[in-house]
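Before any comments, here is the structure.
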Ligand code: BGC
C-alpha cells in the first residue's frame, strides 16, 4: 500500500456534495492477504485513505495520504500519529521517499525504532525513570538503561489516534489521543492533539497541543528519520547539516544531561557552519562515544517564542534540502547510530547505522529533574503548544 502513494493523480470524479468517499481501487490489493482491498479519497480534502491494519482490540488503522499541488506527498497513520512516508523532489524534480519506515503495521508495532512517530508524553530521556512534581515522586517505566525513554513502554507512539480530515485549501489531518491519569506513570488526564498540514511550499506543518486536569510534565516531538538521498539509499554521512545553535546539554554515560551547558566551538558538535555529518563523527570525543555518534540536545538560538529556523540539511548529490522551523527551545540531533541493519525496512531494504538522521524539536531531555532547564510543566487551565515545520526545498550546492 505504501507503494501506492507513488502513483499520484487519481482523483475522485464524482461531484457529490460534502465529504464523499469514492471507491478508487479494488484491484491488485487482495493478493497478499495483508493489504487492504480499497482506497478512498475525500472529494473535499483530496486526502486518500486506506486500511493499514488493525490494533490488537480490532480497531481499524488507516494510512492517510496528503498531496499538494507540486505532487509532494506525505502519508500518515493513526497508529502513533506517525509519518510513514514523505515524497520530496530533488533538484531535477525526481521524487524520493526521504523517511525510514516499514511497509506494514505489524512491523511498526514490533520494532521500537520510533520511525516517524509522535513521541510523548515525554520525548527523550528522564533520568532514573523518575521525577518529582509538587513534592510527589512519580515513577516511570524503565526502558533505556536505568532511564525512561520516549514516554515509556507504551507511549503516544504506540497508541491509536482518532483522526479527522480537515476541509480546506491545504490538506490537513487532525489527530487526537486521550491519555488517562497515571498512564505510563504520568499524572493527569491529558487531551493531546496534533494537526498535520501539507503546505503549498512543500512544508509539512506539525501543530501539537495538549491540556491536563492535574499538574504534569510534557515534551512532544516527531521522530522522523530522514535520508535526503531517499530511504534505504546508503548512509547520511555526506549530507550537510547546519544547526542554529552554539551550545549543547552534555550527557553522562547513560545519556542523561549532567545539567551543564557546553559551548560547541572547536568540538565535533559545532554545526554553526554547514558541515558534513560524517566529517567528525568518529573523532575521539567522550560525548560522541556516549551516543555512538551524534545523539545530543542542542540549545537553539532564539529571538523569541515564535516559529524560527532551527536547522537546515542538504544532500549534495540530489540537492534535496530540509529546513526545520520550531517554537521549541531545543533539538535532539541523532545520527541513527543504533540502527544496525537487522530490521526489515520498506521494500525489504535494511537500514544500517547512520542511514538516517533525526532532528527532534523538543524541550531538553530530563527537564523535570533540572531546575535550570526551561520548564516542561503543564498545569490545569494551560494549553501546551508546539509547532514544528519540515520544509523541503532544493539546492544547487
Ligand atoms: C534518542 C536515541 C534513541 C533513538 C531511538 C533518539 O531520540 O536520542 O538515543 O536511540 O531516539 O529510540
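With bins 10 Å wide beginning at 0, the percent of Cα pairs of the range 132-175 falling in each bin runs 22, 27, 24, 18, 8.
Build a GNM of the chain with springs between Cα atoms under 10 Å apart, and of 135, 293, 336 the one that fluctuates most is 135. Among 162, 342, a tally of other beta-carbon atoms within 10 Å of each Cβ gives an order, fewest to most, of 342, 162. Evaluated at q = 0.10, 0.13, 0.14 Å⁻¹, the base-10 log of the normalised Debye intensity for the chain, with identical point scatterers placed on the Cα atoms, takes the values -0.63, -1.09, -1.27. With the biggest extent put first, the Cα atoms of the range 151-205 measure 40, 18, 15 Å across the principal axes. Length available on full extension from residue 372 to residue 270: 0.36 nm per residue minus the Cα-Cα distance, which gives 34.4 nm.
In plain terms, the residue of 223, 62 with the fewest other Cβ atoms within 10 Å comes first and the most crowded comes last, giving 62, 223. As a ratio to 2.2 N^0.38 Å, the alpha-carbon radius of gyration computed for the range 285-388 takes the value 1.29.
Comparing 202, 124, 144 in a Gaussian network model of the chain where C-alpha atoms under 10 Å apart are linked, the largest mean-square fluctuation is found at 144. Once the Cα-Cα distance is subtracted from the 0.36 nm per residue extended length, the residue 342 to residue 142 segment shows a gain of 69.6 nm. Size estimate for the range 225-357 follows the Kirkwood approach: the inverse of mean 1/r over distinct Cα pairs works out to 15.4 Å.
Can you tell me the FRET efficiency between residue 59 and residue 301 if r is taken as the Cβ-Cβ distance and R0 is 41 Å, rounded to the nearest 0.05? About 0.45, to the nearest 0.05. Between residue 280 and residue 215, the simple label model (points 7 Å from Cα in the Cβ direction) yields a spacing of 4.1 nm. The separation of the range 136-168 from the range 65-86, counted between C-alpha centres, amounts to 21 Å. Using a Gaussian network model of the chain in which every pair of alpha carbons under 10 angstrom is joined by a spring, one finds that among 172, 279, 311 the greatest mean-square fluctuation is at 279. Helical runs (DSSP H, four residues minimum) scored at -39500 (n - 2.57) apiece and divided by the length of the chain put the mean residue ellipticity at 222 nm at -500 deg cm²/dmol.
FYI, it's all coordinate maths here, none of it is from the lab. All values reported here derive from a predicted model rather than from experimental measurement. Quick reminder, even Gly has a Cβ in these numbers, built from the backbone with ideal geometry, and neighbours come from all protein chains shown.
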